[in-house]
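First comes the structure, then the notes that go with it.
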Amino acid sequence: HAAGWTFVVMGDSRGSGPDSQVNTNLLRELAQAVVRDRPAFVLFPGDLVYSGSLSAFQSWTNAMAPVYEAGIPVYPVIGNHDNADPDAFVQVFGGAIPDNGPAGELNRTYAIIHSNALVLALDTLVNSGRVHQAWVEATLAANTRPHVFAFGHLPAFKVGHPDGLGDYPGPRDEFWRSLGNARARAYFCAHDHFF
């Protein structure tokens, strides 16, 4: 029986334009709150910055420095605003991302195993509006942990933005069924700015 533990999910920290890549004031406050809460890790479902670039991603990691310095792992996926330079994303974050994703999506789609949980980190923009379903199914089939979570940038169902996994309802439903069959507890996403 595993001891209790927590994790944090937060997304869409991007700024308002090219001269304001990251909402640094808010992100610094969130980073301090994360450090106070001492979670096992942080999931970040995309839109870290206004327009993905090496300098923008470095600004983001600077704002999140307290989290990194506290030794709390941060697991991001690419959002539509980050997708301007996926190579810079991989350069900045790839070293801390498990290299267990599907071919063509290494350091973009991956699985996190922690204690009694499996977390699927899904890039919903490599093939926009879809996930790598074969990899999802294979990873879920090999899982032995009782708790399953998944996260990606695009919502599975349309709420605010006109785009999402619902653009392709057949593949979305197949993905949703696979999560349900694996008894997944939640699919976390960003994109729609509710809070």
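The values are calculated or read from the model by the stated rules, or taken from the named source; none is laboratory data. Keep in mind the model is a prediction, meaning the values are calculated, not measured. FYI the Cβ positions are ideal-geometry reconstructions off the backbone, even for glycines, and counts take in every protein chain you see. Ligands, DNA and RNA are excluded from the accessible area calculation, which covers all protein heavy atoms including side chains. Shrake-Rupley method; radii C 1.70, N 1.55, O 1.52, S 1.80 Å.
Quick look at the values:
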| item | result |
| --- | --- |
| Whole-number D in µm² s⁻¹ for the range 103-155, Kirkwood Cα-pair radius fed into Stokes-Einstein, 4 °C, 1.567 mPa s | 113 µm²/s |
| Between the range 1-76 and the range 133-166, the Cα center-to-center distance that results, in Å | 21 Å |
| Beta bridges per DSSP with both ends in the chain, % antiparallel, nearest 5 | 30 percent |
| Using distinct alpha-carbon pairs, which all enter the 1/r mean, Kirkwood radius of the chain in Å | 16.8 Å |
| Net charge, D87 excluded, C-beta distance under 15 Å - Lys, Arg +1, Asp, Glu -1 | -3 |
| Cut-off 12 Å between beta-carbons: net charge of the residues surrounding A31, Lys and Arg +1, Asp and Glu -1 | -1 |
| Within the accessible area of the range 64-107 (1.4 Å probe), percent carbon and sulfur | 48 percent |
| Separation in nanometres of the label points that stand 7 Å from Cα toward Cβ, at K158 and A103 | 3.6 nm |
| FRET efficiency estimate (nearest 0.05) - Cβ-Cβ, Y168 to A142, R0 35 angstrom | 0.90 |
| Calculated over the range 7-57: convex hull of Cα atoms, volume per residue (Å³) | 71 Å³ |
| Per residue accessible area in Å² of the chain, where ligands, DNA and RNA are left out and the probe is 1.4 Å | 48 Å² |
| For peptides 102-108, 141-147, 72-78, sequence by mean Cβ density within 10 Å, most packed first | 72-78, 102-108, 141-147 |
| Rough spin-label spacing in nm, given labels placed 7 Å along Cα→Cβ, for D19 and R38 | 4.3 nm |
| Distance (nanometres) between label positions extended 7 Å along Cα→Cβ at Q133 and Q91 | 3.6 nm |
